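The values are calculated or read from the model by the stated rules, or taken from the named source; none is laboratory data. Just so you know, these numbers come straight off a predicted model, no measurement behind them. Positions of Cβ are backbone-derived with ideal geometry, glycine not excepted, and every protein chain shown enters the neighbour counts.
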Amino acid sequence: MKLPSLIGIYMGIMAKAMWEGAVLAESDATVEIEGNQYFPPEAIRKEYFKPSDAHTVCPWKGTASYYDVEVSGKRNAGAAWFYREPKEAAKRIKGYVAFWKGVTVER
């Protein structure tokens, strides 16, 4: 089985993740995989992230852990995910955070 490759590393192109008018993450060093922008851990605004007990498994990236996102009292359960200990093929995104569930990512 051929493993998917990293589609792009966006050095110098600013990406921003937003939900409910708040900037959740902003970076010019994101990694794009399968259409998702992964933000470096230092790029997220931690005040909006609450740990979740949810986990899923990707066959080539490994086990994903989730965050709930909270902005102004509104919660978006499982809207962000990351790989704490990714498999070898995805080691480049260790700890990087991606979004879904209505979070808008602009580049």
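Listed conditions (1) in contact with a strand residue (DSSP E or B) (Cβ under 9 Å, 6 or more places away or on another chain); (2) in contact (Cβ under 8 Å) with a residue 12 or more places away in the chain are all met by K94, apart from (2).
Residues considered: P59, P4. Of these, the only one that is at pLDDT below 95 and not aliphatic (A, V, I, L, M) is P4. Residues in region 37-68 that are under 15 Å from K16 (Cα atoms) and either hydrophobic (A, V, I, L, M, F, W, C) or surrounded by fewer than 18 Cβ atoms within 10 Å (Cβ to Cβ) (or both): F39, P40, P41, E42, A43, I44, R45, K46.
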